[in-house]
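Novice: Structure in structure tokens, see below.
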Amino acid sequence: MEIIERIKDMQAYSQDLRVEGKVIALVPTMGYLHEGHLSLMREGRKRGDVLVASVFINPTQFSPNEDLDKYPRNFERDRDMMEEVGVDVVFHPRANDVYPEGYQTFVTVDDVSKNLCGLTRPTHFRGVATVVAKLFNCVLPHIAIFGRKDYQQVKVIERMVRDLNMDVGIIGMPIVREPDGLAMSSRNEYLNPKERKAALSLYKAILIVRELFENGERRIGALTDRAIGVIMTEDLARIEYVKLAHPENIDELVGVVWDRALLALADYIGETRLIDTPVLGEEFENC
Ligand code: PAF
């Protein structure tokens, strides 16, 4: 497994691969890997001739009051995990190479970014879209693989690729859960044992809403109130939002839902912000 730090070296490496006709698969990450990331890499391993994983904690997707400084990192551990899963190249650029002094160009994806997480993190998706566009320009992938736990992020990236005519296939992979149902996230690391237990309230809410939905409940108020009720039983939980949204354009749904709807939950458990985003009306394995 090769580790490339410089943007120019990464571009030259990928250009050569393209000349050889190799399919490049990219899995972008911010490191502190878990089984969710590894599932994306296994998919990339199957689909690409060459699998590149990037590890870069992107400062522009954090606002000043967020957890950029304490975001968990352990590059040695990540490196071993990537080697084990068959990554060919780790792209590990430095922040001042990605955003040199005087940097001033950003990608904004208007409508898909504005609801859900975009309401409370107004600059987040601008940072995500910008860094993903830059990663595409550095790695020159044919396909890029993202997890659907960050469902809105996948839709922002799909829209950016379509609108800017980027020649990259975007693949969204199912949420990977801990055995008790908590969606895997690098931020789960912040939870103490009490909080870890309280965090399960999100999954409990999902199971109950899903059951209501499968039994024919379509009133949005009835579905979201039930989820809120379940989460509120936990003293350590503070709800940021519980919403049903259109699974393609991320518009908030009102009134009743039909066949498919994104159930989007964002909660603080203690100081830790967690999200979960299954799609009602889809097979559970896809969520
Ligand atoms: O999902 C993430 O880890 C990040 O948002 C991404 C896509 C690597 C961009 O920094």
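Novice: Residues in segment 118-132: is at least one within 22 Å of Y13 (Cβ to Cβ) and outside any loop (DSSP other than H, G, I, E, B)?
Specialist: So far as segment 118-132 goes, yes, one or more of its residues are within 22 Å of Y13 (Cβ to Cβ) and outside any loop (DSSP other than H, G, I, E, B).
Novice: What tally of residues in segment 241-274 results from selecting those that are within 15 Å of the chain's Cα centre (by Cα) and open to solvent by 30 Å² or more (accessible area, probe 1.4 Å)?
Specialist: Total meeting the criteria: 1.
Novice: Another question, then. May I ask you to list pairs of residues, at least six apart or on different chains, whose Cβ atoms are under 7 Å apart, with the first in segment 221-244 being basic (K, R) and the second being part of a helix (DSSP H, G or I)?
Specialist: R226/I208; R226/V209; R226/L212; K243/T224
Novice: Then there is this: Can you tell me which of (1) buried (at least 17 other Cβ atoms within 10 Å of the Cβ); (2) of a type in the set (D, E, K, R); (3) over 26 Å from E158 (Cα atoms) is the one R238 doesn't meet?
Specialist: Of (1) buried (at least 17 other Cβ atoms within 10 Å of the Cβ); (2) of a type in the set (D, E, K, R); (3) over 26 Å from E158 (Cα atoms), only one is false for R238: (1).
Novice: Further question on the same structure: Hand me the list of helices (runs of 4 or more DSSP H) wholly inside segment 1-107 holding 3 or more residues that are within 12 Å of the ligand (Cβ to nearest atom) and either touching a residue at least 24 places away in the same chain (Cβ under 8 Å) or open to solvent by less than 50 Å² (accessible area, probe 1.4 Å) (or both).
Specialist: 35-47
Novice: Next up: Go through D276, D267, D259 for me and flag whichever is more than 25 Å from L119 (Cβ to Cβ) and charged (D, E, K, R).
Specialist: D259
Novice: Before we move on, is G102 small (G, A, S) and in contact with a strand residue (DSSP E or B) (Cβ under 9 Å, 6 or more places away or on another chain)?
Specialist: No, not satisfied.
Novice: Name the pairs whose Cβ atoms lie under 8 Å apart, with the first residue in segment 135-157 and more than 9 Å from the ligand (Cβ to nearest atom) and open to solvent by 30 Å² or more (accessible area, probe 1.4 Å), the second among the hydroxyl-bearing types (S, T, Y) and in a helix (DSSP H, G or I), and 6 or more positions between them or separate chains?
Specialist: The qualifying pairs are L140/S14.
Novice: Please work out if D167 is within 27 Å of K22 (Cβ to Cβ), assigned to a loop (DSSP other than H, G, I, E, B) and more than 16 Å from the chain's Cα centre (by Cα).
Specialist: Yes.
Novice: Ok, one more. What tally of residues in segment 241-264 results from selecting those that are in a loop (DSSP other than H, G, I, E, B) and closer than 16 Å to V154 by Cα?
Specialist: Number of matching residues: 6.
The values are calculated or read from the model by the stated rules, or taken from the named source; none is laboratory data. Quick caveat, the model's predicted, so the values are computed rather than measured. With ideal geometry, Cβ positions are generated from the backbone for all residues, glycine too; neighbour counts draw on all protein chains shown. Note: accessible area is taken over every heavy atom of the protein model, side chains too, but ligands, DNA and RNA are not part of it. Shrake-Rupley method; radii C 1.70, N 1.55, O 1.52, S 1.80 Å.
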